[in-house]
Amino acid sequence: MPTRASDLLTLTREGLYCPLGRFHVDPTWPVERALITHGHADHARAGHGQVLATPETLRIMAVRYGAEFCRQRQEAQLGAALRVGDVTVRFAPAGHVLGSAQIAIERDGVRVVVSGDYKRAPDPTCLPFEVVPCDVFITEATFGLPVFTHPDTRGEVRKLLESVKLFPERAHIVGAYALGKAQRVMALLREEGWDRPIHLHGAMEKLTTLYKEEGVPLGDTPKVVAAERKDLHGAIVLCPPSSIQDLWSRKFPDPVTCFASGWMRVRARARQKGVELPLVISDHSDWPDLCRTIRDTGAGEVWVTHGQEDALVHWCGTQGIRAKPLHLLGYGDDGEVEGTSEASSEAEVAA
């Protein structure tokens, strides 16, 4: 009997499961064997028996959960075919954050690709997304509505620098998630010529150090010292989103509250959060790129997960592509999903 996509992946309580390979992908509960797409907390959890992921993702998990985050780990080199059980898997860049990858699962000429989270926009801190032709493409849909079109990220960073120039006496407090978004903003600031220190909230220190150790040039990024906050006139300070509205941020000189997130496209959201300078910077694909990617893969079937599933499923139907929502639970707490609890931001501290 020919292999079907449903033979390669099915749904269990723990999430996507490959019965022929006897592994889960980004499981939401501890399992015996997990393949992990990237290091954000809603995809990479501690407590699995064996973990297969890119070297960078394994190191991110070790920073976040400690060296003993799993019993046994194995590095997956991008592009290399690996035999796992009765299937072949291959990791390919996803362009989301450092070490992020799609996972292609194959048997008998049938290929299913789990994208994890991904973006097509340029990012100096990670490898660009690679299109992997497939029969079934599993896509996220965080910004899966036509209203979401993201502007050029460099233009958003220039807005920040123009504001600093206009208000040299004020500190600019930028809310950004600690894994990926913060480092991307830092790298873009450097590319735009900002050579002064970029001050960091303590929750960002370890992951930023890891990025530097991985060879991402971020420049001088001192940790904010509480007693010195009042003196940081004209400084750029990065912190978890939950900190832009708390007492911590009020100790800076006349702070300008900024937030780097794809959700800043919705002005009402910015107002609700008290954001004075919204920066539309996302580590997820916007609507045009979600649609472009589905077309580029040539997939005849699309499974849609975590986000605005119904709209993307409907769009696939208009293109003659079979599609269905997966309704997976437990994903989307990386900070760019509606209703995210920012109480977890200190630990995860992503969009």
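Okay, here's what the table says:
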| item | result |
| --- | --- |
| Heavy-atom accessible area per residue - segment 158-307, 1.4 Å, Å² | 39 |
| Descending semi-axes in Å of the chain, equivalent ellipsoid built from Cα gyration tensor | 36, 22, 16 |
| Length released on extending from residue 83 to residue 29, taking residue separation times 0.36 nm less the Cα-Cα span | 17.1 nm |
| Residues of type aspartates and glutamates that residue 230 reaches as a straight line, Cα spacing below 18 Å, ignoring anything fewer than 8 places off in the same chain | 169, 246, 254 |
| Long pairs among 181/251; 206/324; 181/223; 119/159, criterion Cα-Cα beyond 28 Å | 206/324 |
| Translational D in µm²/s for segment 264-321 (Stokes-Einstein at 37 °C, 0.692 mPa s, Kirkwood Rh from C-alpha pairs) | 245 |
| Per residue value of the accessible surface for segment 1-118 (all protein chains in place, 1.4 Å probe), Å² | 37 |
| Heavy-atom accessible surface of the chain: percent carbon and sulfur, 1.4 Å | 52 |
| Length-normalised contact order of segment 71-115 in % [C-alpha pairs under 8 Å, at least 6 apart] | 26 |
| Share, in percent, of DSSP beta bridges within the chain that are antiparallel, nearest 5 | 35 |
| Per-peptide average of other Cβ atoms within 10 Å, ordering 162-170, 262-270, 112-120, 237-245 highest first | 112-120, 237-245, 262-270, 162-170 |
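The values are calculated or read from the model by the stated rules, or taken from the named source; none is laboratory data. The structure displayed is predicted, hence computed values, not measured ones. Here the Cβ is made from the backbone with ideal geometry for all residues, glycine too, and neighbour counts use every protein chain on show. Areas reflect the complete protein model, heavy atoms only, side chains present, ligands, DNA and RNA absent. Shrake-Rupley method; radii C 1.70, N 1.55, O 1.52, S 1.80 Å.
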